[in-house]
Amino acid sequence: MVASLRDKTFGMRKIFFVILFAGFAAQAAAQAYFTAAGLRLGTEWGLSVQHRFTKSWTGEAILQSAFLNDDVLFTLLAERHFPLIVRNFNIYGGGGVHWAWSGDGRDLHRSGGGLSLIGGLELSLGRLNLSYDLKPALTFSRHHPLLLHTGLSLRYILVKGSVFRKQQRKKKRAKRKWPWET
């Protein structure tokens, strides 16, 4: 019994170190895109736009509406991406703020704002970006103080990551000074 427990522990340690090594062996840049936009479907439906600001940070704007009523939620998020195994496959997490509106069939009126968190997985293939996430939200209103959204986003990559890499190379060249330059 002790031997089998020792074998299981050794096997689990091997798997852990393989996963850990694969994560560190991935390239430093987490996203293969610069700007992407598309549809988001899940507990609600909506639109999602992501824009990369640094090698591993993006900003995301999500406009979503409920299926069964006229509620609308607009969310702004900052997300940190971590590559898994390859650059185009990421895990990410972040947070931000949101504003909510409720409707009665005719008009929308503001029902509050709050804080949102997000965490998920993302895969980029060619010009397509697919992500699945969990997005809990704390709303400062009496109607729905705690919301839990999940979504599958399919975005088209409008600007690829190569544009970002070219900009970084230009900045490095501009910083480099030759001895005869002042």
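Got at least one residue in segment 58-75 being out of contact with any helix residue (DSSP H, G or I) (no Cβ under 7 Å at 6 or more places or on another chain), among the polar types (S, T, N, Q) and closer than 13 Å to Glu122 by Cα? Among the residues of segment 58-75, at least one is out of contact with any helix residue (DSSP H, G or I) (no Cβ under 7 Å at 6 or more places or on another chain), among the polar types (S, T, N, Q) and closer than 13 Å to Glu122 by Cα, which makes the answer yes. In the set (1) closer than 18 Å to Pro145 by Cβ; (2) in a loop (DSSP other than H, G, I, E, B), the condition left unmet by Thr54 is number (1).
When Asp70 is tested against the conditions (1) under 17 Å from Thr150 (Cβ atoms); (2) surrounded by fewer than 20 Cβ atoms within 10 Å (Cβ to Cβ), the lone failure is (1). Each residue in segment 68-100 was checked for being part of a strand (DSSP E or B), over 16 Å from Trp57 (Cα atoms), free of Cβ contacts under 8 Å to residues at least 60 places away in the same chain and not β-branched (Val, Ile, Thr), and 4 of them qualify.
Applying the set (1) more than 17 Å from Thr139 (Cα to Cα); (2) in contact with a Gly (Cβ under 9 Å, 6 or more places away or on another chain) to Phe89 leaves exactly one unmet item: (2). Inspect all residues belonging to segment 116-136 and state whether any of them is β-branched (Val, Ile, Thr) and at pLDDT 90 or above. The answer is yes; a qualifying residue exists. The residue that is surrounded by the most Cβ atoms within 10 Å (Cβ to Cβ), among those in segment 30-57 that are of a type in the set (Phe, Trp, Tyr) and touching a helix residue (DSSP H, G or I) at 6+ places or on another chain (Cβ under 7 Å), is Tyr33.
Identify, please: which residue in segment 126-140 is of a type outside the set (A, V, I, L, M) and exposed (fewer than 15 other Cβ atoms within 10 Å of the Cβ) and is, among those, nearest to Gly113 (Cα to Cα)? Taking the candidates together, the pick is Phe140.
Residue count for segment 112-154 under the criterion of being among the basic types (Lys, Arg), more than 24 Å from Ala36 (Cβ to Cβ) and part of a strand (DSSP E or B): the result is 0.
The values are calculated or read from the model by the stated rules, or taken from the named source; none is laboratory data. Model, not experiment: these values are computed from the prediction. When we count neighbours, we look across all protein chains shown, and the Cβ atoms used for this are built from the backbone with ideal geometry, even at glycine.
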